[in-house]
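Novice: Got a structure for you, questions after.
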Amino acid sequence: MSMLWTLVAATVGTLGFSIIFGVKPKRLAFAVIGGMLCSCVYFGAKHLGAGEFMANAVATFPATSYSESMARVGHAPVVTFLTPAIVVLVPGGSLYYTMSNLLAGNSEMTSEYGMNSLIICLGIATGILAASIIFGSLTAKKRKRLAK
């Protein structure tokens, strides 16, 4: 039951950030679907025992692929769909505790939370990079084939 509530919270959070980022109303539902997709894949990866890096990389990959596809279908920039989709993965709590412990002078906890934040961010970046490279190469091949 707690996974369901977490998914609902992630969906509402994605909706909120979509509105804050100025996603147009006609694209709002598609941006929220990207966040739901990202959250579901993340929870699935964690349930299967993936670590933070892998869970974030695996969750970001389909979210980026979805965003790239929706950008072409909806004639919008990729970030219109990608940013709200991955905002649920941003390690806000971990970053907060990193800074809190840094200011308190607790170097051991600063290192622990800082490393966790870095691992999550690297996982997100890896997923985006991998999906973008694959999607870009497939698009280039399609353009080359259509040009013939």
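Novice: Picking from Gly74, Leu95, Leu129, whose Cα lies most toward the positive end of the charge dipole for the chain (charges on Cβ: Lys, Arg +1; Asp, Glu -1)?
Specialist: About the Cα centre, the residue reaching furthest to the positive side is Gly74.
Novice: So for the chain, taking the charge dipole from beta-carbon charges (+1 Lys/Arg, -1 Asp/Glu), which of Val41, Ile86, Ser65 sits furthest toward the positive end?
Specialist: Highest projection toward the positive end goes to Ser65.
Novice: Let me ask something else. Calculate the dipole size of region 102-148 relative to its Cα centre from +1 charges on Lys and Arg beta carbons and -1 charges on Asp and Glu beta carbons; express the result in debye to the nearest 20.
Specialist: It comes to approximately 1000 debye.
Novice: Leaving out ligands, DNA and RNA, what percent of the accessible area of the chain is carbon and sulfur, probe 1.4 Å? Present the calculation step by step, with values, prior to reporting the outcome.
Specialist: Numbers: 6390 of 8820 Å².
Here carbon and sulfur together make up 72 percent of the probe-accessible area.
Novice: With only Lys, Arg, Asp and Glu charged, each at its Cβ (+1 for the first two, -1 for the last two), find how big the charge dipole of region 24-148 is about the Cα centre; round to the nearest 20 debye.
Specialist: So the dipole magnitude of region 24-148 works out to roughly 1220 debye.
Novice: How much length is gained if the chain between Ile20 and Lys144 is pulled fully straight, taking 0.36 nm per residue apart and subtracting their Cα-Cα distance, in nm to one decimal?
Specialist: On the way: separation 124, 0.36 × 124 = 44.64 nm, distance 3.81 nm.
Stretched out fully, the Ile20 to Lys144 stretch lengthens by 40.8 nm.
Novice: Equivalent ellipsoid semi-axes for the chain, as square roots of 5 times the alpha carbon gyration tensor eigenvalues: give them largest first, rounded to whole Å. Walk me through the intermediate numbers first.
Specialist: On the way: eigenvalues 181, 68, 42 Å².
Equivalent ellipsoid of the chain: 30, 18, 15 Å, largest first.
Novice: Net charge around Thr80, counting only other residues with Cβ within less than 12 Å of its Cβ (Lys, Arg = +1; Asp, Glu = -1)? Don't skip to the end; give the middle numbers.
Specialist: Working: positive: Lys24, Lys26, Arg27, Arg72; negative: Glu68.
So the environment of Thr80 carries a net charge of +3.
Novice: If you roll a 1.4 Å probe over the heavy atoms of the protein chains, what accessible area per residue do you get for the chain, in Å²? All intermediate terms of the calculation are to be shown ahead of the outcome.
Specialist: Numbers: 8820 Å² over 148 residues.
Ligands and nucleic acids excluded, the result is 60 Å² per residue.
Novice: Angle check, please: helix 107-147 long axis (alpha carbons) against the longest principal axis of the chain (alpha carbons), in degrees 0 to 90, nearest 10.
Specialist: 10 degrees
Novice: Same structure again: So what is the calculated 222 nm ellipticity per residue for the chain, using -39500 (n - 2.57) for each DSSP H run with n of 4 or more, over all residues, to the nearest 500 deg cm²/dmol? Before the final figure, lay out the partial values.
Specialist: Working: 6 runs with 126 residues, N = 148.
Helix-only estimate at 222 nm: -29500 deg cm²/dmol.
The values are calculated or read from the model by the stated rules, or taken from the named source; none is laboratory data. Fair warning: this is a prediction, and the values are worked out from it, not measured in the lab. Positions of Cβ are backbone-derived with ideal geometry, glycine not excepted, and every protein chain shown enters the neighbour counts. In case anyone asks, the SASA skips ligands and DNA or RNA and just uses the protein heavy atoms, side chains included. Shrake-Rupley method; radii C 1.70, N 1.55, O 1.52, S 1.80 Å.
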